[in-house]
1. Which of ALA79, GLY68, LEU45 sits closest to the plus end of the dipole of the range 34-188, meaning its Cα is farthest towards the positive end, when Lys and Arg get +1 and Asp and Glu get -1 on the C-beta?
2. Find me the longest stretch of the chain that has none of the exposed chymotrypsin sites (Phe, Trp or Tyr not before Pro), where exposed means in a DSSP loop (not H, G, I, E or B) with at most 16 other Cβ atoms within 10 Å.
3. Please determine, in degrees from 0 to 90 and to the nearest 10, the orientation of helix 29-42 with respect to the longest principal axis defined by the Cα atoms of the chain, where the helix direction is its Cα long axis.
4. Round to the nearest 10 and give me the degree value, 0 to 90, for the angle of helix 102-118's Cα axis relative to the longest principal axis of the chain.
5. For LYS116, go through the lysines and keep the ones whose alpha-carbon is under 26 Å away, minus same-chain ones fewer than eight residues off.
6. Loop only by DSSP, 16 or fewer other Cβ within 10 Å of the Cβ. Give me the trypsin sites (Lys or Arg not before Pro) in the range 32-94 that pass, ordered by residue number.
7. If you line up the long axis of helix 135-146 against the longest principal axis of the chain, both from Cα atoms, how many degrees apart are they, to the nearest 10?
8. Please give the contour-minus-distance gain from ALA79 to LYS67: 0.36 nm per residue of separation, less the Cα-Cα distance, rounded to one decimal in nm.
Amino acid sequence: MLADVYNLSGQKVGQVDLPDSIFNAPINVSLMHQAYVRQMANARLGTHDTKTRHEVSGGGRKPWRQKGTGRARQGSIRAAQWKGGGRVHTPHPHKYTLAMPRKMRRAALRSALSVKAAEQAIVLVDELALPEPRTRLMAQALNALVGDASTLILLPQKASYENVILSTRNLPDTKTLLASYLNIRDLLTFDKVIMPVAALDVITSYLGR
């Protein structure tokens, strides 16, 4: 699959061959959904907690004697039916993590990349470099490449792209991400994906197997 390569001014400067095994793979919607649910579930902290009647302070003494008062028997003023008492059937800390084999996760990424490629939502650039960290310069480049669409920028490494990373921090609906950290949520969240040709090599190195 041939794809056009552009410069930061939006001018076509060449073409590159996208591997069909990654960008023209069978699209499995259910697999992408499973990978997305897994990623969102694994992001949950699971630290929410409520106190039971044994954790609420006070209530150690029986409020009144068992019989002879005409009132319902009570053992503690910290029981669930009392104001300020403990809670029942409420959240407690636990893990939400879901497991998914690596082959399935990578197949889901291939499906998502194939969807983006079919929608012509992948924009390749010959080199993504800025002379200085300026939001204005990055905004001009994005406007020339994708217009006002939300954009995920994939970088091959962090070392030589500090200016790009700094220049996108104040841009709405724009995110920079290392190509080795590519994930299903970001692929499905953003409208367009911009990557230099060097980032394509990183993706091919682990998804092309």
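1. GLY68
2. So the longest stretch without any such site is 97-209.
3. Result, in degrees: 50.
4. Once rounded, one gets 50 degrees.
5. Here the lysines satisfying the reach criterion relative to LYS116 are LYS12, LYS103, LYS158, LYS175, LYS192.
6. ARG44, LYS51, ARG61, ARG65, LYS67, ARG71, ARG73, LYS83, ARG87
7. It works out to around 70 degrees.
8. 2.5 nm
Taken together, the values in this text are just the output of simple stated rules run on the coordinates, not laboratory data. Predicted model, so just to flag it, every value in this text is computed and none were measured. Neighbour counts are summed over all protein chains in view; Cβ atoms, including those assigned to glycine, are modelled from backbone coordinates with ideal geometry.
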